[in-house]
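In what follows, a single structure is set out as structure tokens and then discussed.
The values are calculated or read from the model by the stated rules, or taken from the named source; none is laboratory data. A quick note: this is a predicted structure, and the numbers were derived from the prediction, not measured. As a convention, Cβ positions derive from the backbone with ideal geometry for all residues, glycine included, and neighbour counts pool all protein chains shown.
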Amino acid sequence: MSDVATTSPAPRVFSAVLGSPALRLIVKRLLTAIPILLGVSILMFVLLNLIPGSAALQLLGPEATPEQIARLEHDMGLDRPPVERYLEWLWNALQGDLGRSLVSRQPVTDVLPTRLAVTGELVALAFLISLTVAIPLALLAARRPNRFLDRVSMVVSTAGLSVANYVLALLLVLLFAVKLGWFPAIGYTPVSKGLGDNLYSLALPAFAMAFPLLCFYTRFLRGDLVDQMQGEDYVMTARAKGLGPWQVLLRHAFRNSSFGLITIVGLNISGLIGATVIIESIFSLPGIGQYLLQGILTRDYIVVQAIVIIFAIITVLANLMADVLYAVLDPRIRYGTN
Amino acid sequence: MRIRAKACLLLAGALVVAGCTKPDETGDNNQAAVPQRGGELTVLLDSAFSGSWPSGLDPATNTTGGGNLTQMSSIYGGLFRLVADDDGKNAKVIPHQAAGYEFTDSGKTVKIKIKPGIKFTDGTALDAAAVVFNIKRDMEATCTCKPTWQLADQDPITAEGTDTVVLKFKQPNAAVINSFVVANVNWVVSPTALQSMGPDAFRIKPVGAGPFKVVSNALSSELVLERNPDYFVKDRPYLDKLTIRSIGGDQPAYQALQAGQGQVYEGMTTIPLLEQAKKNSQLVVTQQPATSPYVIQLNTKIPPFNDKRAREAIYYATNGEAIRQGLFKGAYPLSQSFTADGGLFHHPTVPGYRTYDLEKAKALVQQLGGLTVDLGTLKAYVADQVNTALQTQWEAAGIKTTIHSEQLNGLIQNFIGGKWQAMLQTAGAWDPAVGVGVGFRFSSGVPFSGVSDPTIDSLLQQAGQSTDPAQRDALYMQVGQRISDEAYAPFILAFAPASVVTKNVHGPGLTTLIPPVVVNTAILWDEVWMSQA
């Protein structure tokens, strides 16, 4: 019974899935990612090799003799032709081996997971905070443009956009760690020691990263919502159908405006990962940003290359996710009609 | 990172104005109090220097060992160590894991006795064989923190029995014992642990015979150490746990200390923060004695400084006192030579030294028909400030000056290229014959020297070989005199970083003075304690 019941619909489902425009989109994007990742890796390798000096020179410092530098370069394999080194790295990377750090000799794949977990959590929290605050605030501001709440939110947003996150980080520490003692100034507590302690340790760095985003998203979304509410025909139609202002705002205008927000959030991912380099340094967090900084300072191209590739993959996936979300929100994309 | 560092430092001033603490009297750590056992202490180290240990903590492969004194001495202790009176006077190198030493063969051989019964934390013995194994391995290392000894060709490093190490040199080596405290040979690893773990694993979780042993090590991020219960010094160390954490500069570190997330910060250099920390009743600032003055190196091998008049113009145009007062609030003494008050063989003045005289500078520039100078330095907050001040002063004398600061790689390329004209650097060391001593800046044939003078070469060689301190003192005075007479390089002031600790922390090198051996002071971590109240 079961054979008959399960075998006949399966090919249809399979065929429907394969024929889905959304899946085609995902596959297409994933295939496009291959040359992008390859290009990023080549570009990074060339740039790292063009920078004057080498990991050996950087590590040995100004007292090093040319013989010492040459010997360490030999030990690190830096005396081999760049193309040979790149191809070897690429071949190993394709098999999941991102190499050993030139400086510490640790396998990069051993170090990345723990550091990636810290940075991933930090970035996720920053997005969560920024979107959780920005969306309601923008909706409230757009509901009554140029009224008190709208003006206050615009002033705060402008101020927030004017302050770099590392400045904000130091000010947050000064106020909430030094003066009030509410949060720790530095350090990271892993989730294994309790989720509460973990979130507590990341509160200030996550907020320092989230605040400029929050301000930007609020301004962006508020502006788009106001445009939609004031100038679009579908809004007039919805109103004519007797929908209340909140219903029009939430069901229609917000849905349309969220396209722009999703695009911006997708694009912000890479920038936010870059911001972790500074924030992790200030808050003494053992994340990937700190690891990248060390890699750059020591000219450890294996480490830098691995992290940049990881960043590139995350960026590609984030943008892919944004595309999928478009499809979820817009039936025209979902059914391949547009 | 430079942008971040700059931003943090610029912020420092603003935050000072914002008033992080109420003005109060300086804290007193009451050195007379009785040390107490126990306590967990977090040390913050600048990620740009001492808080960076990217290549691990094996003395033979740690290429930043000179900056990682705290990490290394906590794990390994040391054969020798530098101690001083509480006020930093009478600094001397004394045996620690070594029991003593003696020179023979007119200073060409030194025999070092090792204290009996010392064990590594893996239970194996720290004996002469282990030390010989380590020194041989360290001398083969690519680290610049290995000593620059001229070892004898035949059997230079051997063991006599189980407790004596014999080192043989080509020439008498008067500074050999002093050189231990600035070199990787001071830190002895367990050969058994190294062989069983392999070098790659060992550099992450090394095994020594120091006051603490490694619990976990995230490179350049966090090192967690716990008390070594079998440490060879009875009832030491005082602390139960030591956590060493890398942090992004003076400002975040200062705030972390205030928030209670750290108890010690080594190597603070930001003057406004130091001023503020001194007024904070919860913190104690200890300004260590300086050993390495700032020097304006002049490249005497190429124009314009192959002309003595151009060099003299720089001497007369440089107002060290204005820099001292303006940038350093008068905190550090002016220098006329390569020594400073925290180091050996120091003399504050050199007879005939050319001091600031704007009119003489202008006259010399006129004689030369104009003078254009390119002045560089290593990119660092204090050095950039000094260079900007120098540019202004020299322009006042009619010297057209361009300034630039470089990352380490760029700076090295500049030196090796030999086309540089003037460089602001530091010169000298606690003992001028060891580490980045005077030869590094003034010997012929060294790529980082702007001078090629056989007289100086000969004097430095004699000073390095003499076992008579009085004779060494006289020879170094002659070197200082020669540099001054020939106007090879004007000195500005001797600058040293400070340690900032919370009021309940006490210990030699933290709340007492010990001259820095490389840049920071080598703190005696087994003697550091915390008041529990």
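Within region B:370-382, can one find any residue that is within 17 Å of residue B:481 (Cα to Cα), buried (at least 17 other Cβ atoms within 10 Å of the Cβ) and hydroxyl-bearing (Ser, Thr, Tyr)?
no
Anything in region B:422-442 that is within 11 Å of chain A (Cβ to nearest Cβ), surrounded by 24 or more Cβ atoms within 10 Å (Cβ to Cβ) and part of a loop (DSSP other than H, G, I, E, B)? List them, or say none.
Matches in region B:422-442: B:435, B:437.
How many residues are out of contact with any helix residue (DSSP H, G or I) (no Cβ under 6 Å at 6 or more places or on another chain), part of a helix (DSSP H, G or I) and among the small types (Gly, Ala, Ser) if we restrict to region A:133-172?
2
Being without any contact (Cβ under 8 Å) to a residue 60 or more places away in the chain, within 14 Å of chain A (Cβ to nearest Cβ) and closer than 21 Å to residue A:284 by Cβ narrows it down to one residue among B:277, B:259, B:253; which is it?
Answer to the selection: B:259.
Which residue is nearest to the chain's Cα centre (by Cα), if the candidates are limited to region B:251-263 and must be buried (at least 24 other Cβ atoms within 10 Å of the Cβ) and of a type in the set (A, V, I, L, M, F, W, C)?
The selected residue is B:253.
Limited to region B:215-238, what total is found for residues that are buried (at least 21 other Cβ atoms within 10 Å of the Cβ) and either small (Gly, Ala, Ser) or in contact with a Phe, Trp or Tyr (Cβ under 7 Å, 6 or more places away or on another chain) (or both)?
Total meeting the criteria: 7.
Residue by residue through region B:473-506, note down the ones that are modelled with pLDDT of 95 or more, small (Gly, Ala, Ser) and either within 21 Å of residue B:257 (Cβ to Cβ) or surrounded by fewer than 23 Cβ atoms within 10 Å (Cβ to Cβ) (or both).
B:474, B:484, B:487
Of the numbered conditions (1) more than 27 Å from residue A:89 (Cα to Cα); (2) surrounded by fewer than 18 Cβ atoms within 10 Å (Cβ to Cβ), residue A:274 fails exactly one; give the number of that condition.
It is condition (1) that residue A:274 fails.
Which of the numbered conditions does residue B:6 fail, given that it passes all the others? Conditions: (1) at pLDDT below 50; (2) more than 9 Å from every other protein chain (Cβ to nearest Cβ); (3) exposed (fewer than 13 other Cβ atoms within 10 Å of the Cβ).
It fails just one condition, (3).
Could you list all residues from region A:91-103 that are out of contact with any strand residue (DSSP E or B) (no Cβ under 6 Å at 6 or more places or on another chain) and not in a loop (DSSP other than H, G, I, E, B)?
Listed by number, the residues that qualify are A:91, A:92, A:93, A:94.
From (1) in contact with a strand residue (DSSP E or B) (Cβ under 9 Å, 6 or more places away or on another chain); (2) at pLDDT 90 or above, pick out the condition that doesn't hold for residue B:457.
Looking at each condition in turn, residue B:457 falls short on (1).
Yes/no per residue for (1) modelled with pLDDT under 95; (2) within 14 Å of another protein chain (Cβ to nearest Cβ):
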| position | (1), (2) |
| --- | --- |
| B:232 | no, no |
| B:243 | no, yes |
| B:292 | yes, yes |
| B:305 | no, no |
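Which of the strands (runs of 3 or more DSSP E) contained wholly in region B:68-157 include at least 3 residues that are free of Cβ contacts under 8 Å to residues at least 40 places away in the same chain, β-branched (Val, Ile, Thr) and closer than 28 Å to residue A:67 by Cβ?
It comes to none.
Which one is nearest to the other protein chains (Cβ to nearest Cβ) among residues in region A:276-308 that are small (Gly, Ala, Ser) and under 15 Å from the mean Cα position of the chain (by Cα)?
Among residues in region A:276-308 that are small (Gly, Ala, Ser) and under 15 Å from the mean Cα position of the chain (by Cα), the one nearest to the other protein chains (Cβ to nearest Cβ) is A:287.
In the list A:164, A:203, A:177, which residue meets the criterion of being within 11 Å of another protein chain (Cβ to nearest Cβ) and within 24 Å of the chain's Cα centre (by Cα)?
When all the criteria are applied, what remains is A:164.
Is it true that residue A:248 is buried (at least 19 other Cβ atoms within 10 Å of the Cβ), away from every other protein chain (no Cβ under 14 Å), touching a residue at least 60 places away in the same chain (Cβ under 8 Å) and out of contact with any Gly (no Cβ under 9 Å at 6 or more places or on another chain)?
Answer is no for this residue.
Just to verify a result, which residue in region A:86-108, among those that are more than 13 Å from chain B (Cβ to nearest Cβ) and touching a helix residue (DSSP H, G or I) at 6+ places or on another chain (Cβ under 8 Å), is nearest to residue A:306 (Cα to Cα)?
The residue in question is A:98.
Only one residue in B:90, B:30 is at pLDDT below 90 and polar (S, T, N, Q). Which one?
After ruling out the rest, the residue left standing is B:30.
Results for (1) part of a helix (DSSP H, G or I); (2) aliphatic (A, V, I, L, M); (3) under 29 Å from the mean Cα position of the chain (by Cα), shown as yes or no for each residue.
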site	(1), (2), (3)
A:74	yes, no, no
A:89	yes, no, yes
A:105	no, no, yes
A:116	yes, yes, yes
A:120	yes, no, yes
A:129	yes, yes, yes
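Would you pick out the residues in region B:315-358 that are free of Cβ contacts under 8 Å to residues at least 24 places away in the same chain, assigned to a loop (DSSP other than H, G, I, E, B) and not hydroxyl-bearing (Ser, Thr, Tyr)?
B:330, B:346, B:348, listed by residue number.
If you scan region B:195-214, which residues turn out to be within 14 Å of another protein chain (Cβ to nearest Cβ), touching a residue at least 40 places away in the same chain (Cβ under 8 Å) and surrounded by fewer than 24 Cβ atoms within 10 Å (Cβ to Cβ)?
If the condition is that a residue be within 14 Å of another protein chain (Cβ to nearest Cβ), touching a residue at least 40 places away in the same chain (Cβ under 8 Å) and surrounded by fewer than 24 Cβ atoms within 10 Å (Cβ to Cβ), then B:199, B:202, B:204 are the ones that fit.
Looking only at residues that are over 24 Å from residue B:53 (Cα atoms) and modelled with pLDDT of 90 or more in region B:262-274, which one is nearest to the other protein chains (Cβ to nearest Cβ)?
Filtering first and then ranking leaves B:273.
For region B:272-314, how many residues are among the basic types (Lys, Arg) and either within 25 Å of the chain's Cα centre (by Cα) or assigned to a loop (DSSP other than H, G, I, E, B) (or both)?
2
Collect the residues in region B:218-229 that are away from chain A (no Cβ under 14 Å) and touching a Lys or Arg at 6+ places or on another chain (Cβ under 6 Å), keeping them in residue-number order.
B:226, B:228, listed by residue number.
Mind listing whichever residues of region B:85-119 are out of contact with any helix residue (DSSP H, G or I) (no Cβ under 8 Å at 6 or more places or on another chain) and of a type in the set (Phe, Trp, Tyr)?
Within region B:85-119, B:103 is the sole residue that qualifies.
Out of the residues in region B:393-421 that are among the aliphatic types (A, V, I, L, M) and at the interface with another protein chain (Cβ under 9 Å from one of its Cβ atoms), state the one that is surrounded by the fewest Cβ atoms within 10 Å (Cβ to Cβ).
B:416
When both residues are 6+ apart or on different chains and their Cβ atoms are under 6 Å apart, which pairs have a first residue that lies in region B:446-470 and is among the aromatic types (Phe, Trp, Tyr), and a second that is in a helix (DSSP H, G or I)?
B:448/B:415; B:448/B:440
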